[in-house]
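> The structure that follows is given in the form of structure tokens.
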Amino acid sequence: KRNLMRTRQSRALAVSACPESETQIVSEIEDVFDRWESRIAEYELQGATRTHVCDQFEEGFRSEEEERELRAELQSL
């Protein structure tokens, strides 16, 4: 989040430093940053999905492991 804010601040400073005759360049720069931000958001969503799938797998594995341990303990009694 902090890096995103730094990026936005840098963009705002770059835009404010450019003379109005360079509006086209500024517009292109804004487009680049917008595409970059979209890509980052996409990667974050993909990462969240992968984490969720891994968590489900881990939870299932631990549940099976715990069940095996309980069955072994029950048999020993």
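The values are calculated or read from the model by the stated rules, or taken from the named source; none is laboratory data. Keep in mind that this is a model prediction, so the values were computed, not measured. Virtual Cβ from ideal backbone geometry, glycine too; neighbours counted across all protein chains shown.
> Looking at this structure, is Arg35 modelled with pLDDT of 90 or more, out of contact with any Cys (no Cβ under 6 Å at 6 or more places or on another chain) and within 30 Å of Leu4 (Cβ to Cβ)?
Taking the combined requirement at face value, the residue satisfies it.
> To continue, here is another question. Take the residues of region 8-21 that are modelled with pLDDT under 85, out of contact with any helix residue (DSSP H, G or I) (no Cβ under 6 Å at 6 or more places or on another chain) and under 16 Å from Val32 (Cβ atoms): which is surrounded by the most Cβ atoms within 10 Å (Cβ to Cβ)?
Ala14
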